[in-house]
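One structure is given below, encoded as structure tokens.
The values are calculated or read from the model by the stated rules, or taken from the named source; none is laboratory data. As the structure is a computational prediction, the values presented were derived from the model and not from experiment. With ideal geometry, Cβ positions are generated from the backbone for all residues, glycine too; neighbour counts draw on all protein chains shown.
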């Protein structure tokens, strides 16, 4: 039997941030909308990552709801560190990026949410909990959302 927190089939996101080393993206499944007005999200961000470094240094962020066709991005964006793997170069080489507002984002994402940091909480675990306000969004389509269950079925994650 699966652990209780692995039972719900949650959406898979990528959080795009930027810093001195350029664009960075990670994979997020610990994401939750927590307020309707204003629209706010909680996103858990791994400690000791390029994403956390970028957010700590004031980076704005874009939460990207991934499409099923983007399952292959979980390994390069989620299992490789931005500290020793140039994610922007990888994505550009594969022609997977486009521009939205003043951000570089994934072309085929289901939706994009521009975020502004409200606060950050250290819960003494392996993640920091960021509270963001959604300040802009774009819905590209309403179908084919990538989920954790699909990643498990494909053997991408255990």
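Quick notes
- Failed item in (1) touching a strand residue (DSSP E or B) at 6+ places or on another chain (Cβ under 6 Å); (2) free of Cβ contacts under 8 Å to residues at least 60 places away in the same chain; (3) part of a strand (DSSP E or B), with residue 104 passing the rest: (2)
- Count of residues meeting criterion [in a strand (DSSP E or B) and farther than 17 Å from residue 56 by Cα] in the range 115-158: 8
- The criterion of at least 3 residues that are exposed (fewer than 13 other Cβ atoms within 10 Å of the Cβ) is met by the following strands (runs of 3 or more DSSP E) wholly inside the range 1-95: 31-35.
- The one condition from (1) outside any strand (DSSP E or B); (2) surrounded by fewer than 19 Cβ atoms within 10 Å (Cβ to Cβ); (3) touching a strand residue (DSSP E or B) at 6+ places or on another chain (Cβ under 8 Å) that residue 98 does not meet is (1).
- Residue 42 vs. criteria modelled with pLDDT of 95 or more and in contact with a helix residue (DSSP H, G or I) (Cβ under 8 Å, 6 or more places away or on another chain): no
- Pick from the range 107-143, criterion within 20 Å of residue 69 (Cβ to Cβ) and in contact (Cβ under 8 Å) with a residue 40 or more places away in the chain, ranking: surrounded by the most Cβ atoms within 10 Å (Cβ to Cβ): 109
- Every residue from the range 30-54 that is in contact with a strand residue (DSSP E or B) (Cβ under 7 Å, 6 or more places away or on another chain) and over 19 Å from residue 119 (Cβ atoms): 50
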